[in-house]
1. Is it the case that segment 208-226 has a residue that's in a helix (DSSP H, G or I) and farther than 27 Å from residue 67 by Cβ?
2. For segment 168-207: of the residues being surrounded by 14 or more Cβ atoms within 10 Å (Cβ to Cβ) and part of a loop (DSSP other than H, G, I, E, B), which is nearest to the chain's Cα centre (by Cα)?
3. Residues of segment 124-148 being more than 12 Å from residue 216 (Cα to Cα) and in a helix (DSSP H, G or I), which ones?
4. Quick one: which residue in 227, 245, 221 is over 23 Å from residue 78 (Cα atoms) and buried (at least 19 other Cβ atoms within 10 Å of the Cβ)?
5. Against the condition within 24 Å of the chain's Cα centre (by Cα), at pLDDT 85 or above, surrounded by fewer than 16 Cβ atoms within 10 Å (Cβ to Cβ) and assigned to a helix (DSSP H, G or I), how does residue 259 come out, does it pass?
């Protein structure tokens, strides 16, 4: 029998949800309002939530202020997709290995992955620069794809491993009885069952790659044609002023690819997040 909440419990739940959504959505609402205001009215006092001089002008003028803005958005999308594909190629076999096989130093390897997660990219930026220079990847897309993949793999392995552990081993044993190989079983039996988890990991890696491109682009690339969106947004910061309304407009337009991907894969994300929540 399902537990029936009392009225005050429902009030607390709705109030907590409303407070959480307020903290999450408030920055986006304020960014939208700033993008609608004229630059001279951004810091107007006293602050007013809505004014008569608001318009969508910044969404038109931002393309003139940064002519290559669309290219920067496409570059960010391309880099993020490339990081996601390469990361999954590493995450899936590694996570399957640590979830199914018993071998020496397995726990030590997992601890090493956890330790890597605790080290930020800024700490390793100088060694990474020397590495990119030595292998000739500076001023290329790969200079941002390779580090992005490297920092996404450890988290992805931990997430994907938890989904593989929830899949009954009996499915694999039945395939082995029918003469299937280990690789065929992984491709035809395990991966279809783990698809919701793969989608969740993919979205996590994609968002992470989309968000962490500024440091890599600033350090490893000096060719404007390869710059991602964060470098394009940086151009709104002038020597004497910051064009905040156009900056907010470009930022909101720049997050649309991530939003579309999330909406398109929403049902798989919900299925992946709730997988294993109910015991059979």
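The values are calculated or read from the model by the stated rules, or taken from the named source; none is laboratory data. Note that the structure is predicted; figures quoted are calculated from it, not measured. So basically every Cβ, Gly included, is an ideal-geometry build from the backbone, and we count neighbours across all protein chains shown.
1. Here is the first cut: in segment 208-226, the ones in a helix (DSSP H, G or I) are 208-211, 213-220, 224-226.
From what's left, farther than 27 Å from residue 67 by Cβ: 208.
Yes - at least one qualifying residue is present in segment 208-226.
2. That would be 194.
3. 127, 130, 131, 133, 134
4. Details: 227 fails: over 23 Å from residue 78 (Cα atoms); 221 fails: over 23 Å from residue 78 (Cα atoms).
Matching residue, one of 227, 245, 221: 245.
5. On the way: within 24 Å of the chain's Cα centre (by Cα): yes; at pLDDT 85 or above: yes; surrounded by fewer than 16 Cβ atoms within 10 Å (Cβ to Cβ): yes; assigned to a helix (DSSP H, G or I): yes.
So residue 259 passes the test.
Every residue, every condition in (1) in contact with a helix residue (DSSP H, G or I) (Cβ under 6 Å, 6 or more places away or on another chain); (2) farther than 30 Å from residue 148 by Cα; (3) in contact (Cβ under 8 Å) with a residue 40 or more places away in the chain, yes or no:
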position	(1), (2), (3)
27	no, no, no
32	no, no, yes
36	no, yes, yes
50	no, yes, no
58	yes, yes, yes
72	yes, no, yes
77	yes, no, yes
